[in-house]
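FYI, it's all coordinate maths here, none of it is from the lab. Keep in mind the model is a prediction, meaning the values are calculated, not measured. Cβ placement follows ideal geometry from the backbone for every residue including glycine, while neighbour counts extend to all protein chains displayed.
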Amino acid sequence: MIDFASRKAALLDKWRRTIYEAYAEEGRAHLTGSRSRFSNPIGLAIEEATASAMEYLEAGDQSRLRFDSLREIVKIRTIQGWSPSQVVGFLQDLKIVLLDELKSECGTEELTGYLLRIDRLMLGAFDIYSAERERLSDIRVNESRRRYARILERTTYLAEEATIHSDLPHETAGASGNNGASL
């Protein structure tokens with residue numbers, strides 16, 4: 001059995017580096033910089049999600065699985081238009097890191113336990129992704145309905161205006177013989 005706590009910081013660092021590699025090179029420096037919710041929400045979401053996932057792996061089945069920290073990173077990636085595999089793929093990266101770093105030190109049963117917990121995280125992240133896609137779809141549909149309603153209101157208003165103006169008597173130039181000039 002390995003001492004996971006002593007390896008946690010190194011595993012976390014390696015995992016985060018693999019996550020940052022998914023972003024464009026010019027954005028990586030920003031992601032690894034400030035951890036402010038306002039100036040770097042993606043970097044903060046990555047930091048919180050990875051730390052929470054590591055805590056879950058370390059605690060094992062005694063820990064109650066919390067998806068709140070995963071929710072932010074999944075939400076951000078979904079809004080950015082990433083594919084489902086890209087959105088939850090950062091958890092697959094954790095599997096790769098664990099296999100690379102712990103395979104020779106871990107027994108099969110222990111390693112399988114870690115991998116199964118990562119699978120649970122991935123399934124939960126995919127549930128979050130699905131709910132977020134549905135929410136975004138609802139937003140788009142509602143926005144389309146609002147736009148259509150505004151167009152319909154404007155069209156109705158213009159049609160009413162046209163009807164009002166068509167009911168008014170029209171004077172035509174020259175009809176009274178004085179070309180519209182008043183005496």
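Observations on the structure shown:
- Computed from the C-beta positions of residue 1 and residue 23, the FRET efficiency with R₀ = 22 Å rounds to 0.05.
- For the stretch 91-170, a simple Cβ point-charge model (Lys and Arg +1, Asp and Glu -1, everything else neutral) yields a dipole of about 320 debye relative to the Cα centre.
- Its convex hull of Cα atoms gives the chain a direction-averaged projected area, equal to a quarter of the hull surface, of 18.8 nm².
- Computed label-point distance, nm, for sites residue 103 and residue 9 using a 7 Å Cα→Cβ extension: 2.7 nm
- Inter-site label distance for residue 135 and residue 80 at 7 Å from Cα along Cβ, in nm: 1.7 nm
- Put simply, when 134-143, 112-121, 39-48, 86-95 are sorted by average Cβ atoms within 10 angstrom per residue, most first, you get 86-95, 39-48, 112-121, 134-143.
- Residue among 149, 96, 116 farthest towards the positive dipole end of the stretch 56-154, charges placed on Cβ: 149
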